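A short write-up of the structure that comes next.
Values quoted throughout were computed directly from the atomic coordinates according to the rules given, and no laboratory measurement underlies them. Treat the numbers as computed from the prediction; the structure is a model and nothing was measured.
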Ligand code: PRP
Ligand code: URA
């Protein structure tokens, strides 16, 4: 399943800010945060609810709580920018970290850090990485999470390239992808076009 939020006015407004070369620092992080929260709100539609009774000051009524613990897995480094806005919205989260970096020549990602929590039963894992370019980082991360016992996963990204979507759907067809926008293509260096450049560099000012 592929869900793209590109018709949402807040998505369009904020992705335009992110794409603009003139956007730096606080302004970049603010738009990144708003887009993340739109994406997480969409992803949360897949979380199951349990009915609960709640006492208002006037009477008891029926309410609902998100039932399964959600495990957030940001792919370092750029995914870190999505972590705090996601944590702010979701109850009952734990966090796993996956450090991957693409080789500048080959664009193949290699792992430099992993720290995952024990996966409770049931659970729902949200993998977060703003850029789905070749799809290599997302496929590696999801394969590793499945080896650790992850059963229910969702991939959340800000910009996806068609090549990355194909790659992820071929490797893990049952994992839903939620993206802000779908861009045109990758260039010869495997950067997304039109894209926004290097998300991590722009987020962290490097
Ligand atoms: C970027 C981005 C993704 C990856 C996507 O990370 O944050 O993790 O590239 O590319 P892929 O789909 O082709 O694997 P990068 O390796 O530049 O590291 P960074 O987040 O530390 O900047
Ligand atoms: N990673 C980025 O940060 N940007 C791209 O365009 C591709 C991968």
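Key figures
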| read-out | value |
| --- | --- |
| Calculated over the chain: convex hull of Cα atoms, volume per residue (Å³) | 133 Å³ |
| Contour minus Cα-Cα distance for residue 169 and residue 50 (0.36 nm per residue) | 39.8 nm |
| 0 to 90° range, to nearest 10: angle between helix 136-147 axis and the chain longest Cα axis | 40 degrees |
| Alpha-carbon centroids, region 137-185 and region 35-68: separation in whole Å | 26 Å |
| Per principal axis, descending, Cα span of region 103-150 in whole Å | 40, 19, 14 |
| Convex hull per residue volume in Å³, alpha carbons only, for region 58-106 | 90 Å³ |
| Between helix 80-89 and the chain: long-axis angle, C-alpha atoms, 0 to 90°, nearest 10 | 20 degrees |
| Mean residue ellipticity (222 nm) of the chain, computed from DSSP H runs ≥ 4 via -39,500 (n - 2.57), nearest 500 | -10000 deg cm²/dmol |
| Viscosity 1.002 mPa s, temperature 20 °C, Stokes-Einstein D of region 103-206 from Kirkwood C-alpha radius, µm²/s | 149 µm²/s |
| Per-selection metrics, region 145-206 (Cα): Rg and Dmax in Å | 13.5, 36 |
| Computed P(r) (all Cα pairs; region 1-104; 5 Å bins; percent) | 2, 10, 16, 17, 18, 15, 9, 6, 4, 2, 1, 0, 0 |
| Folded to 0 to 90 degrees: helix 25-43 orientation relative to the chain principal axis, Cα | 50 degrees |
